[in-house]
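The structure appears right after this line, and notes come after that.
The values are calculated or read from the model by the stated rules, or taken from the named source; none is laboratory data. Note that the coordinates shown come from a computational prediction; the quantities given were computed from them, not determined experimentally. Reconstructed Cβ throughout: ideal geometry from the backbone, glycine too, with neighbour counts over all protein chains shown.
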Amino acid sequence: MYPFSYTRASDLRTALRAGADGGRYVAGGTTLVDLMRETVERPGTLVDISGLPLREVTATKGGGLRIGALMRMAEIAAHPTVRALYPVISQALELSASAQLRNMATIGGNVMQRPRCTYFRDVTAACNRREPGTGCGAREGFNRTHAILGTSEQCVATHPSDVAVAFAALEATVHLLGPAGERTVAFADFLLRPGSTPQREQDLRPGELITAVEIPAQPRPLRSGYLKVRDRQSYEFALTSAAVALHVRAGVIRSAKVAAGGVGTVPWKLSAVEQRLIGARPSEALWAQAAEVAAEGAHPLAHNGFKVELLKRTVERQLRVVGGTR
Amino acid sequence: MSPQPQKAVGSPLSRVDGRLKVTGQADYAVDHDVPGAVHAVVVDSSIALGRITGIDTSAAESHPGVLKVITHRNAPRLVYRDNPVSNNPRGRRLRVFQDDQILFFGQPVAVVVATTIETAQHGASLVDVSYEARQPTTDLAGRPGDPLLNYARGDTEAALASAAVRLDREFHLARNHHNPMEPHGTIASWDGDKLTLWDKTQYVIGVQNEAAAVFGIPVENVRVISPFVGGAFGSALRTWPHVAIAALAAREMGCPVKLALSRRQMYFTVGYRPRYQYRLRLGADRQGRLTAMAHEPTYETSNHETFWEATLFLGQMLYNVPNVSQTLRTVSLDVNTPLWMRGPGFSSTSFCIEVAMDELAHELGIDPVELRLRNEPTKDLSTGLPFSTRRLRECFQTGAQEFGWGRRNPKPRSTRDGDWLVGTGVATGCYDTRRARAEAHARLDAGGTAVVQSAASDAGPGTYTSMTQVAADALGLAVREVEFRLGDTTMPPAPPQGASQLMASVGSAVQDTCDKLRLQAIRLAVGDQRSPLHGVRPDDVVVIAGRLQVKDKPARGETYRQLLARNNLTHLEANGGYTPPAETPYSMYGYSAVFAEVGVDARLGLVRVRRMLSVYDAGRIISPKLADSQALGGMIGGIGMALLEHTVTDHRDGRIVNANLADYLVPVNADIPELRAIYLDGDDRKADPIGVKGLGELVKVGVAPAIANAVFHATGRRVHELPITAEALL
Ligand SMILES: Cc1cc2nc3c(=O)[nH]c(=O)nc-3n(C[C@H](O)[C@H](O)[C@H](O)COP(=O)(O)OP(=O)(O)OC[C@H]3O[C@@H](n4cnc5c(N)ncnc54)[C@H](O)[C@@H]3O)c2cc1C
C-alpha cells in the first residue's frame, strides 16, 4: 500500500473542499482499501465521508424513493419502505457480497465500485483501465466471467454491482454535488461504457460527490425481483443476473422494467425485452419470447460464450418468477 | 499386561485446544512474539520463464523503514546439500536468490526487510525488476509426457479386444490449490550458527533437515517450533523457498525475521494438486464383471522437479480385474512443483474410475452399488496379499440402507423438484493405510498428571486431542490430567502429518510409551513392601482414575500420587515408540461408500448438493467428534473439487489468473447441505497396534465422482471434466 494521508470530513462543505483539492472519497472502504493494498489504487489523500448526513431513505411523491449515498447496503436491504415498494432492490442487495461487507459498504461506494476483472486487479498484468495503453489482458486471456455486451477493443470487464442492475432497470437518477453545485444524471448515463477511454468509468467531475440515488415513482401495483446466477450459492459476483419489475393491470403488462447484470460493461438495460412485454398478457410463451432478445448484440469471447444462452434463460426465469406462470 | 479399560478413546471429546483457538490464544507460526523481529516481504516474478536483467532497489531502499533488499545480486551463496529427508521430489529444487533464472510465475526474486510489515509490503512494491522473458509452456497439452511409472498384469489389450462391453474415456481434472486459512509463514532467528524457526509445517523434522541442508549446518543446529497449524491439506509437507528466505534474511540482518506469504503468494510457491488428463479404458462382461482396465494418467510437474503421487494404487487393487495396464506420465512445465493435496493421487484417480464404473452400470442396466459388489476382490490382486480388513461391502449395504438408495428410480432425468432435476450417485472411496517410525516420551508427575510428547504436528485433525485420549487410557488417567505436546524438533521424532499415517504411527508410539510408563509404576508398586499391591502379579494390575488396583479386587490398590510420594519420586518417565514391521503380510486400506444427492437447475445448469452420506471402514475411531470434523471437511473439500475449485493459468505468460479467494472458488456455508458420516465399528490390529486405518485422506476420495454420478442421474449429462460448471450443463 502506498502511503497516504487521511482526513475525516465533518460536513459536506469540508468534504467538497478536500475533494476539490484532489482528495479521494472513502465511505465504507470495503473495496477502495482492497485496491490500495493491491496497489491498483494509489490515492495520496483519503477523505472519509462516512460521517456525512447522507443516511436516509425518503419516500418521494407518488411512491418514488431517495436513498442517501451513505446508507449501508444492509440498512437499505432491511428498510421497510424499500422492502415494501422495491423488493428488487432489497433482493439485489441481500444477494451481494457478505453480511459483514453489507454492514460496512455504502450505496455510493457500491455504484462506484471498480471492475473485478483479475487482470485489472493484478498490477503485473496488462490493463487499459488501470494503465491506459498497456492493452487488455482479458480479451485474449481467461475471460469466463467477462462481459458480452458493451465491450470494446480496450476493455471487456463487467460492472460488478448487483444493486446497480436494479437501479438501471428502474431508471434511477444519481444526485451529485460538486464544487460547481448540484446536478442529476440519469443512471443510464452515469456509468460509462469503456469505449476508447476505459479509465473513465462514471460521469463524475473532479471533486463531485454522490449524495443520493433516486428511484422514480412507478405505476402500482408493481411486482419486482432480482435473480442472481452464480457458481456457488453465496458470496460470488454474478455470472448473469436479472432485475425485473412489472406492472400488470387488467391482465395486461402496462409497464416492464428489465435489466441484466454480469453480462455488460455497465448494468444492461434490456429495452428490447421490455418492448416485447409491454401490452402483452403474461404467459410462459411470452416470457420465452421476450427473453429471446435479451442477448441481442452480444459479442462473446473465448470462455464466456455460455453467457449468451444463460442470459436469455436467466431473464426468462425471472420474468416467470415475477410475472407468474399462466 | 492387563488391558486398560478404554474410556477416553471412542468418546466424542471436544478439542482439548479448542478454547485456546477460539479465544485467539493459540500462537500460529508468525503469531509468535520473538523480541527484536523485523519483517520481510517477498517480491515475486511477474514472468514465468526467462531471466532477470535488472533489479532497481533504490526506491525501496530509500523508503524510510526499509532496512535491506536482498536479491540474487547481493545474496550469499547457499550450500543446498542434497536432502532426501524433507519430502523434496526428485530433481533440483529452487535455490533462492542464487542466480538470475526464472523458472515459474511468482518465483521469489527479492525480499524486502523493514521495521514494520506495512513498510516491507510497500518496499516490495517499489522494487523494479526487469526481465528477459521467454515463452513459457504451462499447458498440460503443450508438451508430450514423460513416462514415470508402468504396471501390467495379464494381457489388457487382448482382454479389452474381446470384452463384451468396452468403455474408452478421457477425463480432465483442473489444478486445485490447498488454500488453508493460515497463510504460510516463518520466523527465523540465529544464535551463532544455530537456527530457530517458528514455521507453519506438517513436518518439523522435514523443515529442520531442509534448513540444515540449505545453510550447510548440522541438523542438530536447527530447531523448528510449530505448535499450531491453521490448516494445510498437504501444502506444509515440504519446506518451501520462503523458509530459506526468512532464514537467509535473518542471517543477513543479524536479527530475527518474520515472513508471511500473502494470499496471492499462496498460489505461487507452496504447491497444488496437479492438473490431470486421464484416459481410461475398461472392459467387462455382460454381468458387469470387469475383465480389463487400461489407465493412462498424465499430470503436470515442474521442469526442475518430478513430482510423484499415488496415482496407480487404486487401479491395481480396488476391483477384481484380472488384466490391468497402467502408464503414468508427467509433463514438465514452466510451473512451480505440485504437492500432495488431501487424498493425493487417489482423489484424482477415483474420479475417473468411479465415473467410468457408473457409466458401465448405466450401460448394462445394473445398479451402481450392485456393480461394485460384483467386482469385490477376495485379495489384493496387485500383491496377492489378503486384506487386513476390507469391509467395503458393508459400507455399501449400510449406506444404501441409510441413504434410501432402494427408492431410486435408475432412469436418468426421472426426478424433478420444481425447476430442479434431482439425482443421486454413488462412488467408492479408498486410501492406503500407512505407518512410519515414531517415538514419544511420557512423564508422570508426583501430582498424578502426565505430559506426553512427540514431534508430531496438528494441522487441524485434532492430534492434540486424539493423542491425549490414547495416553489417558493407557495411563489410567482422566483426559484433563494428561497434556500432549507436539510440534518441536526437541521432542522425540515423528513422521509428517500426511498420508493419514500420524494416528497409526504416533498413536501407536504414544500407546507403547504410556504402556511402558504404567508398567513401570505397577512394577514399582508390586515390588514395594509398603504398597497395598505388594506381591501382586503386574499382569493383574490395572490403573483406573489414577489409581493402581487389582483387576478383580478393586478395593486393593493405591494412587499414583501415593506411590510416588512414598517413594520420594518427583516423577516417572518413559520413552517408547513404534516401528512398523519391515514387511506386513497384508494389504491395508481404508474404504468408504459415498452417496450424494444433487439438484441441477434444469435451465440454468447450476448444481447444488442436497445431501451426502459416507460410510467408512477406517478401523478404530479414536475420537468420534474429530472424525466427524474430518469426514465433513473431506466431503466439503470434495464438493469444492467437484463443482468449484479451479486454478486458472493464462498460458500466454504462465500467470495464475485467479490467485485470490474471490476468484478461486471454495464452497461457502450456503453450498453445504446435510452431510452425514457413519463409521463401521472396527478395529484393525493387523494394520497397527491401535487398530486405526487413517481417515483424513480417505474422506476426500470418492466424493467428486459421487457428485458427478448424481449429476448424470439428475440430467442424463455425463461430464468428464472437473470442476463441473454451469456451461457444461446448459
Ligand atoms: C469480497 C467482496 C465481495 C463482493 N461481492 C459483491 C457482490 O456480490 N455484489 C455487489 O454488488 N458488490 C459486491 N462487492 C462490492 C461491495 O458492494 C463494495 O465493496 C461496496 O459496495 C463499496 O462500498 P464502500 O462504501 O465500502 O465503498 P468504498 O470502498 O469506500 O469506495 C469505493 C469507491 O467509491 C467512491 N465513493 C464512495 N462513496 C462515494 C460517494 N458518495 N460519492 C462519490 N464517490 C464515492 C470511492 O472514492 C471509491 O472509489 C463485494 C466486495 C467484496 C470485497
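Observations, loosely collected:
- On the stretch given as region A:21-36, residues that are in contact (Cβ under 8 Å) with a residue 12 or more places away in the chain and surrounded by fewer than 15 Cβ atoms within 10 Å (Cβ to Cβ) total 2.
- A single entry from A:Gly109, A:Gly64, A:Gly68 fulfils the requirement of being away from every other protein chain (no Cβ under 14 Å), crowded, with 18+ Cβ neighbours inside 10 Å and in contact with a Leu (Cβ under 6 Å, 6 or more places away or on another chain): A:Gly68.
- Residues (of a type in the set (A, V, I, L, M, F, W, C) and within 12 Å of chain B (Cβ to nearest Cβ)) located in region A:112-149: A:Cys117, A:Phe120, A:Val123, A:Ala125, A:Ala126, A:Ala138, A:Phe142
- Candidates are the residues of region B:617-645 that are part of a loop (DSSP other than H, G, I, E, B) and within 12 Å of another protein chain (Cβ to nearest Cβ); the one that is farthest from B:Glu727 (Cα to Cα) is B:Glu645.
- Here B:Thr306 passes the criteria (1) closer than 21 Å to B:Thr649 by Cα; (2) under 23 Å from the mean Cα position of the chain (by Cα); (3) surrounded by 22 or more Cβ atoms within 10 Å (Cβ to Cβ) except the one numbered (3).
- Any chance B:Val600 is in contact (Cβ under 8 Å) with a residue 24 or more places away in the chain, touching a Ser or Thr at 6+ places or on another chain (Cβ under 6 Å) and over 30 Å from B:Lys7 (Cα atoms): yes
- Condition check for A:Gly150: touching a residue at least 40 places away in the same chain (Cβ under 8 Å), of a type outside the set (Asp, Glu), surrounded by fewer than 24 Cβ atoms within 10 Å (Cβ to Cβ) and farther than 22 Å from A:Gln218 by Cα: yes
- Cross-chain or 6+ apart pairs with Cβ under 7 Å, region A:231-248 first and more than 20 Å from A:Val308 (Cβ to Cβ) and facing chain B (nearest Cβ under 9 Å), then modelled with pLDDT under 95 and more than 9 Å from the ligand (Cβ to nearest atom): none
- Listed by position, the helices (runs of 4 or more DSSP H) contained in region A:79-182 that have at least 1 residues being under 30 Å from A:Gly323 (Cα atoms), touching a Pro at 6+ places or on another chain (Cβ under 7 Å) and within 16 Å of the ligand (Cβ to nearest atom) are A:163-169.
- Residues satisfying the stated conditions in region A:1-40, i.e. of a type in the set (D, E, K, R) and more than 12 Å from the ligand (Cβ to nearest atom): A:Arg8, A:Asp11, A:Arg13, A:Arg17, A:Asp21
- Check on A:Asp189, within 13 Å of the ligand (Cβ to nearest atom) and either polar (S, T, N, Q) or more than 14 Å from chain B (Cβ to nearest Cβ) (or both): no
- Residues of region A:273-324 that turn out to be of a type in the set (Ser, Thr, Tyr) and away from chain B (no Cβ under 11 Å), as a count: 1
- When B:Ala188 is tested against (1) in contact with a strand residue (DSSP E or B) (Cβ under 7 Å, 6 or more places away or on another chain); (2) among the small types (Gly, Ala, Ser); (3) not in a strand (DSSP E or B), only condition (3) is not met.
- Residue within region A:294-307 that is part of a strand (DSSP E or B), surrounded by fewer than 24 Cβ atoms within 10 Å (Cβ to Cβ) and either more than 16 Å from the ligand (Cβ to nearest atom) or among the hydrophobic types (A, V, I, L, M, F, W, C) (or both) present: no
- For region A:197-215, taking the residues that are within 10 Å of the ligand (Cβ to nearest atom) and in a loop (DSSP other than H, G, I, E, B), the one that is farthest from A:Thr14 (Cα to Cα) is identified as A:Glu201.
- Residue in region B:217-224 that is assigned to a loop (DSSP other than H, G, I, E, B) and either aromatic (Phe, Trp, Tyr) or in the same structural domain as B:Glu483 (by TED's automatic domain parsing) (or both) present: no
- Region B:608-642, residues that are surrounded by fewer than 23 Cβ atoms within 10 Å (Cβ to Cβ) and of a type in the set (Asp, Glu): B:Asp628
- Among the residues of region A:183-203, the ones that are under 24 Å from A:Val57 (Cα atoms), within 15 Å of the chain's Cα centre (by Cα) and not acidic (Asp, Glu) come to 7 in all.
- Listed by position, the strands (runs of 3 or more DSSP E) enclosed by region B:1-116 that each have at least 1 residues that are surrounded by 15 or more Cβ atoms within 10 Å (Cβ to Cβ) and within 28 Å of the chain's Cα centre (by Cα) are B:38-44, B:108-114.
- Some residue of region B:653-675 being polar (S, T, N, Q) and over 26 Å from B:Phe595 (Cβ atoms): yes
- Qualifying positions in region B:236-262 - assigned to a loop (DSSP other than H, G, I, E, B), at negative phi and out of contact with any Pro (no Cβ under 6 Å at 6 or more places or on another chain): B:Ala236, B:Arg238, B:Thr239, B:Trp240, B:Cys255, B:Pro256, B:Ser262
- Looking at B:Ala593, B:Ala565, B:Ala602, B:Ala545, just one residue is closer than 30 Å to B:Ala710 by Cα, of a type in the set (A, V, I, L, M) and surrounded by fewer than 23 Cβ atoms within 10 Å (Cβ to Cβ), and that residue is B:Ala602.
- Within this structure, A:Val266 passes the test of being within 18 Å of the chain's Cα centre (by Cα) and assigned to a loop (DSSP other than H, G, I, E, B).
- From the list B:Thr311, B:Thr298, the one residue that fits, being in a strand (DSSP E or B), crowded, with 20+ Cβ neighbours inside 10 Å and of a type outside the set (Phe, Trp, Tyr), is B:Thr298.
- Test for B:Val229: is it assigned to a loop (DSSP other than H, G, I, E, B), in contact (Cβ under 8 Å) with a residue 40 or more places away in the chain and not aromatic (Phe, Trp, Tyr): yes
- Some residue of region B:101-119 being on the phi > 0 side of the Ramachandran plot and within 14 Å of chain A (Cβ to nearest Cβ): yes
- Checked against (1) assigned to a helix (DSSP H, G or I); (2) surrounded by 14 or more Cβ atoms within 10 Å (Cβ to Cβ), B:Leu195 meets all criteria but (1).
- Among residues of region B:646-685, those that are more than 14 Å from chain A (Cβ to nearest Cβ), basic (Lys, Arg) and either surrounded by 17 or more Cβ atoms within 10 Å (Cβ to Cβ) or more than 30 Å from B:Ala582 (Cβ to Cβ) (or both), counted: 1
- Residue check, A:Val258 away from chain B (no Cβ under 11 Å) and in a strand (DSSP E or B): yes
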